[in-house]
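Okay, so here's the structure we're looking at.
The values are calculated or read from the model by the stated rules, or taken from the named source; none is laboratory data. What you see is a predicted model, and the numbers here were worked out from it, not measured in a lab. With ideal geometry, Cβ positions are generated from the backbone for all residues, glycine too; neighbour counts draw on all protein chains shown. Just the protein is used for accessible areas: all its heavy atoms, side chains included, with ligands, DNA and RNA removed. Shrake-Rupley method; radii C 1.70, N 1.55, O 1.52, S 1.80 Å.
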Amino acid sequence: MTGFIVRRIFSSLLVVVLTSIFVFVLFFKGLGDTPAVNYCDQLHNGQCSPQTLAAIKHQMGFDKSVVANYGIWAKGVFVGRTRVYVDGKYYDCPAPCLGISIMTGNTVWHDLKQKYPATVTVAVGGATIYLTCGVVMGAFAARWRGTVIDRALVGSSLVVSAIPDYLIILTAWLFFSLRWQVFPNVGYYPITENPLKTISWMMLPWLVLAVTSLTDYARFTRGQVVETLGEDFIRTARAKGVRPAKVLFRHALRAAIVPVITIFGLDFAGLLSGTIFIEQIFGIDGIGHWGLQALTTPIDLNVISTTVLVGAILVVVANLVVDIVYGFLDPRVTVA
């Protein structure tokens, strides 16, 4: 197991490095001079002179090669950059330096630490609800397959899956927050200051996020448990007189949960990368909302590249964690 973990960590680090190179080339060279032109037009009310544009392109590094720019950026991540010139001003950018945000004038790392707790709060709360409820519902549906409960679950999951997520989120906000005022309107309250207030403000976003994913997990869990209930070890457990509930949750669900955990790991990494619709509609200042703001004029390349890179790193880490957890969840899985 130790050798496997070391190899997976090494390969994950390699993927992260290659992803950072791809993201850097894609955003800093793929867009051409567009970010510099937009930034210059905003600073000078659309009256950007060629001399000013050339100076801004130099500030943003567009006059350097891709290799030189990536080297400067990579070095800044580990040792920082003491003098970063943006908008006629010099900034100190300590490690890990991901650049300076032209939206705020702060280091991207500083803003990331400010935005990320809100996204984590939304993701953890919603994922906890939909994973727990979805797995339990799917297990019971498999136990009573062919009954009214089973048909209702399958039918409701198809209906919910056919509705776009943003429509469910927007409808919940319009009715439960604006019209009926069952939940607070918009915003986020830090959980470190008042957990009870955070729960009251986050409950509707959590429930909406759970609704958009719960039926999918219930349907997938049902399919896995139904397949597992036909295995020989389940028939042996029943023949020994093991209680039905113990057969279902301790034996069948434990063996069937591995594929579910795989999907959950990737889904949860995606949530941590930014719940854009929920953050935008409910006014939660997380990294999804932050990345969306960076796409407006002028385009904030440092913020956009950071949000994409963070998402990629989280997916890689999720895959690593899932692979390691496999051996503990299912004894039939061996690690070579």
Assuming R0 = 51 Å, what is the FRET efficiency of residue 113 and residue 158, from their Cβ-Cβ distance, to the nearest 0.05? 0.80
Averaged per residue, the 1.4 Å probe accessible area of the range 181-336, protein heavy atoms only, in Å², is roughly 48 Å²
Provide the FRET efficiency to the nearest 0.05 for the residue 250-residue 63 pair, computing r from the beta carbons and using R0 = 56 Å. 0.30
So, with +1 on the Cβ of K and R and -1 on the Cβ of D and E, and no other charges, what is the size of the charge dipole of the chain about its Cα centre, to the nearest 20 debye? 1220 debye
Value of relative contact order over the chain, rounded to a whole percent, pairs C-alpha under 8 Å and six or more apart: 23 percent
Report, in degrees rounded to the nearest 10, the 0 to 90 angle that the Cα long axis of helix 148-162 makes with the longest principal axis of the chain. 20 degrees
Under Stokes-Einstein, with the Kirkwood radius over Cα pairs standing in for Rh, what whole-number D in µm²/s applies to the range 107-147 at 10 °C and 1.306 mPa s? 126 µm²/s
To the nearest 10 degrees, how steep is helix 50-60 against the longest Cα principal axis of the chain, on a 0 to 90 scale? 50 degrees
Tell me the Kirkwood radius of the chain: reciprocal of the mean inverse pair distance over distinct alpha-carbon atoms, in Å. 23.0 Å
Per 5 Å bin, what percent of the C-alpha pairs of the range 15-109 does each bin hold, from zero upward? 2, 13, 21, 25, 22, 11, 4, 1, 0
Using alpha carbon positions and the Kirkwood radius, the Rg to Rh ratio of the range 196-246 is 1.30
Using the charge dipole of the chain (Lys, Arg: +1 at Cβ; Asp, Glu: -1 at Cβ; taken about the Cα centre), state which of 306, 110, 206 has its Cα farthest towards the positive end. 206
Be a star and scan the range 243-273 for residues whose amide nitrogen sits under 15 Å from the point 7 Å along the Cα-to-Cβ vector of residue 233. 247-259
What nm value, rounded to one decimal, do you get for the distance between residue 151 and residue 185 when each label is placed 7 Å out toward the C-beta? 4.6 nm
Number of Lys pairs in the chain closer than 25 Å at Cα, excluding neighbours under 8 places apart unless interchain, is 15
Rh by Kirkwood over Cα pairs, then Stokes-Einstein D for the range 64-202 at 0.890 mPa s and 25 °C, µm²/s: 124 µm²/s
Using a 1.4 Å probe on the protein chains only, how many percent of the accessible area of the chain belongs to carbon and sulfur? 66 percent
Neighbour net charge for residue 154 - beta-carbon separation under 12 angstrom, K R +1, D E -1: +2
Quick one, what does Rg over Rh come out to for the range 199-336 if you take C-alpha atoms and the Kirkwood Rh? 1.12
Determine one quarter of the surface area of the Cα convex hull of the range 153-215, which equals its mean projected area, and express it in nm² to one decimal. 4.7 nm²
Once the cut-off is 21 Å, how many percent of the Cα-Cα pairs in the range 240-314 end up in the long-distance tail? 49 percent
Scalar couplings 3J(HN,Hα) for the range 93-105 by Karplus 6.51 cos²θ - 1.76 cosθ + 1.60 (θ = phi - 60°), nearest whole Hz, x for Gly and Pro, are 10, x, 5, x, 8, 9, x, 10, 7, 6, 6, 10, x
In degrees, nearest ten, helix 195-228 long axis to first principal axis of the chain (Cα): 50 degrees
Provide the gained length on full extension for the span residue 321 to residue 25, in nm with one decimal, where the gain is 0.36 nm per separating residue minus the Cα-Cα distance. 103.7 nm
